[in-house]
Amino acid sequence: MAVAKEKKAEPIRLGIIGSGLAVKWLHWPALKKLTDKFRVVVCCDIDPEAAGEVARLAEKDLNSPDVRSTTDYREVLASDDVEAVLLSLPIHLTGQFILDAARAGKHVISEKPLAANLEQARELVETLRNFKNVKVEIAENYHYRRDYAKAREWMDAGRIGQPFLIQMISRSWTSTASGFSSTPWRQDNQYRGGIFADAGVHQAAALREIGGEIEQLQAFSKSVHPVMGGIDTVVLNMRFRSGALGNLVFAGAAKDPNGGLQLFDIFGTTGAIQITGGKAVLTEGNGKDAKVLEEFVDPEHDGGYFREFENFYSAIRENAPVVSTVEQALKDWEIIMRALDSAEARNVILL
Ligand SMILES: NC(=O)c1ccc[n+]([C@@H]2O[C@H](COP(=O)([O-])OP(=O)(O)OC[C@H]3O[C@@H](n4cnc5c(N)ncnc54)[C@H](O)[C@@H]3O)[C@@H](O)[C@H]2O)c1
């Protein structure tokens with residue numbers, strides 16, 4: 001009995017496949033707080049320097065001794081000392097790597113989106129049903145955000161009456177000089193949908209977290225950015241199954257003097273909720289008569305990365321349910337892919 005308990009508390013032996021920007025900038029701060037739960041044993045990248053750099057960082061920051069590095073992901077999947085893998089790869093590779101990892105019997109936490117297009121995503125979800133002993137989590141951090149969860153809680157408690165309009169704006173300029181969009185695979189658009197697919201899938205997750213399932217949508221799209229391939233500007237209208245109407249304005253090529261905007265407004269028959277970067281505000285009334293009923297500020301707002309890794313650990317060690325499952329990720333991806341279909345075919349789509 002004592003042995004079983006000890007085994008349960010052991011850190012998960014992790015292989016990292018794809019040692020790029022998201023790992024260093026987004027996963028690292030979360031993993032640094034979870035050194036009792038994850039032990040990195042190997043890092044992989046086709047670029048040996050990238051793999052070596054992250055391996056050394058893991059030794060320094062993540063209480064992980066003697067981390068190996070390799071350029072061959074199959075070596076990671078064949079390693080007996082690897083229990084789980086973190087996949088953080090160019091989007092067009094993700095689906096195949098998830099499947100290969102599951103076939104090798106490794107638990108998987110993989111960056112979003114789960115595949116390069118809708119057909120591949122659907123096939124993947126279907127095939128993964130055969131791998132019941134393997135936990136697969138898609139690291140869609142928006143499914144782990146506390147500000148969205150709080151807004152949903154207020155809505156479920158009837159605090160804004162009947163929600164009837166959900167509006168979201170995600171507006172920014174995509175710099176290609178440095179940062180995520182300096183990566184060639186993004187600029188060449190080696191997956192369907194460009195910036196709208198890569199970044200917009202987060203907004204799809206957010207809209208579903210707040211509004212529930214979407215039953216009908218219609219979109220207009222444009223490609224404006226001078227460097228980035230694919231779609232960067234979309235106006236997406238939707239109706240939720242609840243009957244509420246919704247609208248997403250996604251702009252990835254907008255040079256905004258205010259440096260961009262991320263805004264969520266939810267209107268109900270008796271009140272409203274506004275969410276901006278970790279803060280949710282519940283109000284009642286209009287104009288000068290409006291008053292704030294409650295305010296929620298996530299004290300640890302990190303976009304949800306910490307909680308996604310925590311969930312992965314508890315799914316493996318404590319058999320907790322995975323929150324951001326492949327089925328959830330497929331629904332997020334479906335909204336983005338069908339929005340592109342709608343814009344191309346100029347029609348309204350029933351989901
Ligand atoms: N959740 C978020 O907020 C967020 C933000 C940025 C990126 N992402 C996701 O993270 C993933 C990675 O994005 P990134 O910005 O880190 O890209 P990146 O290009 O910086 O990192 C990807 C790495 O994968 C490596 N790679 C390519 N082919 C490989 C192969 N066959 N085997 C092993 N390694 C290989 C590349 O050399 C590169 O180092 C994408 O899925 C992206 O959508 C998520």
Strands (runs of 3 or more DSSP E) contained entirely in region 185-273, each with at least 3 residues that are under 21 Å from ASP147 (Cβ atoms): 245-251, 261-268
Verdict on LEU87 being crowded, with 18+ Cβ neighbours inside 10 Å, closer than 24 Å to THR183 by Cα, hydrophobic (A, V, I, L, M, F, W, C) and out of contact with any Leu (no Cβ under 6 Å at 6 or more places or on another chain): yes
Tabulated pairs, region 18-38, first within 15 Å of GLU300 (Cα to Cα), second more than 14 Å from the ligand (Cβ to nearest atom) and of a type in the set (Asp, Glu), C-beta under 6 angstrom, 6+ apart or interchain: LYS32/ASP61
Criterion: loosely packed, with under 15 Cβ neighbours inside 10 Å, under 21 Å from the mean Cα position of the chain (by Cα) and within 30 Å of MET155 (Cα to Cα) - qualifying residue of THR233, THR269, THR276: THR276
Members of region 167-184 found to be under 16 Å from VAL234 (Cα atoms) and not in a loop (DSSP other than H, G, I, E, B), listed by number: GLN167, MET168, ILE169, SER170, ARG171, TRP173
Filter result for the condition that a residue is crowded, with 19+ Cβ neighbours inside 10 Å and of a type in the set (Lys, Arg), over ARG39, ARG122: ARG39
Residue within region 64-77 that is within 10 Å of the ligand (Cβ to nearest atom), in a loop (DSSP other than H, G, I, E, B), within 14 Å of the chain's Cα centre (by Cα) and not basic (Lys, Arg) present: no
Odd one out for SER19, checked against (1) of a type outside the set (Phe, Trp, Tyr); (2) under 15 Å from PHE309 (Cβ atoms); (3) assigned to a loop (DSSP other than H, G, I, E, B); (4) under 21 Å from the mean Cα position of the chain (by Cα): (2)
Single residue of region 295-328 satisfying the filter (within 30 Å of GLY105 (Cβ to Cβ) and in contact with an Asp or Glu (Cβ under 6 Å, 6 or more places away or on another chain)) that is surrounded by the fewest Cβ atoms within 10 Å (Cβ to Cβ): VAL322
The lone exception for ASP188 - which of (1) out of contact with any His (no Cβ under 9 Å at 6 or more places or on another chain); (2) of a type outside the set (S, T, N, Q); (3) outside the structural domain of LYS106 (by TED's automatic domain parsing); (4) surrounded by 23 or more Cβ atoms within 10 Å (Cβ to Cβ) it fails: (4)
Residues satisfying the stated conditions in region 206-251, i.e. under 15 Å from SER170 (Cα atoms) and acidic (Asp, Glu): ASP232
Residues located in region 90-139, provided they are within 12 Å of the ligand (Cβ to nearest atom), among the acidic types (Asp, Glu) and part of a helix (DSSP H, G or I): ASP100
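The values are calculated or read from the model by the stated rules, or taken from the named source; none is laboratory data. Nothing here was measured: the structure is a model prediction, and the numbers come from that model. Positions of Cβ are backbone-derived with ideal geometry, glycine not excepted, and every protein chain shown enters the neighbour counts.
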